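Below is one structure, written out as structure tokens; comments come after it.
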């Protein structure tokens, strides 16, 4: 499958859009997709950052003569081009690539851009968003922010039916965060880390540094920024007089940085979810309007702390309170880790590639995955037999299934990633009973219909039956949409002969 990603970076918008798009690109590439980027130079060399991550297929759009923004879009000026010109340039670059998907991460483009690119390239559109401040025409919408009801958030904004993946479980983090070291709690604050974003055009880093000093903290202090930060020379001069203070520039990833300090202070943007994944207690500073919802929500749920104002005194008071309260920091760290597991980019990539799902015969080497899927509480609650199976019984069961010619067990995969299983048992009546389990980490991605269809095709059977609990509405819809007819309250049947 071919996927194109349209994303920019600048001092005004920061580098968060770029990095979350790169995380998705890495996940797509790992599943076998071909990925190309389209970007525009807006003061940050986004193309160079992409190539550093081994993405060589990068199209850099030329400067446009028509820099007048579309006044109907709140953040249109960020693109430094009218969206009609961007449509023309983007589609011209991608026509030969013939993408199946175009992912766009830009607050500057609305439904007009989405519809025009979809029509020109005959592709599906995935939109990464968290503002819901303009019309959106997406086939897939990804919003990794917390919200009580993402569907309600986008009412009146979505211009066509879209699959909506909402919540921190879809946070687009680099693979290093899922597999990297996590923060180990320490009752004393030995070190503080500051990262206010890749650009930090308003120089919040200096304000936070002053707040740390005002809070009376005398331990290790590390500031992380990038070479794109226009205030870097001033920061070096400002921090030179404080002992045990360092500035790290252009780190390849922030995993170790987040893990090595007992308190992190940062902007309430995309790096918020990275800190959560590492499980470090954090102070979030609202540096942009789009953070006015996320940071207070995290604070109200006890996931991060947020000062009442962005003044030096208010930030210092929050820092001091956390230094003095180890139990509060422990609780912040625990809830942060529970919020983000770091696998969001993989989930989104699997959702995008769902219609490439294939099945293969299960083997003994699949035993651990099958065991975990079978015993997952989310799956057992909907089973006819919800009893948890122990390992010995499971191994014996799998051995019987694999050696029984009347039973066929398949594993579903997307790009080599196992996502679930489907089993067919031949009954005396001649019908074949079907049952399936998805990896609970991939629930709600739309994989069920593809697993069912691929399994049926591989089974060689003509007549299928299934037993579905009356309370299991998702499975009822799955079989109904798969061409099954309900023959009793918990019985379904499909005849393809």
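Nothing in this text is a laboratory measurement; each read-out follows from the coordinates by a stated rule. These numbers were taken from a predicted model, which means no experiment stands behind them. All Cβ positions, glycine included, derive from the backbone under ideal geometry; neighbour counts span all protein chains shown.
Here is how the numbers come out for the structure above:
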read-out	value
Label point distance in nm, residue 30-residue 234, each placed 7 Å from Cα along Cα→Cβ	3.9
Those residues of the range 179-206 whose amide nitrogen sits under 20 Å from the label point placed on residue 227, 7 Å along Cα→Cβ	196-201
Centroid-to-centroid separation of the range 61-77 and the range 143-219 [C-alpha atoms, Å]	28
Extended-chain gain in nm, criterion 0.36 nm per residue less alpha-carbon gap, residue 384 and residue 405	5.2 nm
Protection proxy ranking of 193-200, 406-413 - average other beta-carbon atoms within 10 Å, highest first	193-200, 406-413
Simple spin-label estimate for residue 149 and residue 186 in nanometres, 7 Å along Cα-Cβ	4.6
Helix 204-214 axis, angle to the chain major axis (alpha carbon atoms, nearest 10°)	70
Average Cα contact separation per residue, the range 418-490, under 8 Å, 6 or more apart, as relative contact order %	29
Residues 337, 179 arranged by fewest to most Cβ contacts within 10 Å	179, 337
Inter-part distance where the range 78-117 and the range 1-52 are each reduced to a Cα centre, Å	14
Theoretical gain in end-to-end length, residue 178 to residue 334 [0.36 nm per residue, Cα-Cα removed]	54.6 nm
Sorted by Cβ neighbour density within 10 Å, fewest at the top, the residues 352, 1	1, 352
MRE, 222 nm, helices only [DSSP H, n ≥ 4, -39500 (n - 2.57), over the chain, to nearest 500]	-10000 deg cm²/dmol
Förster-model FRET efficiency, 22 Å R0, residue 486 and residue 443, C-beta, rounded to 0.05	0.45
Distance from the range 332-376 to the range 240-300 (C-alpha centre basis), Å	27
Label point distance in nm, residue 477-residue 325, each placed 7 Å from Cα along Cα→Cβ	4.1
Relative contact order of the chain, pairs being alpha-carbon contacts under 8 Å that are 6 or more residues apart, as %	11
Potential extension, residue 122-residue 54 segment - 0.36 nm per residue separation minus Cα distance	21.7 nm
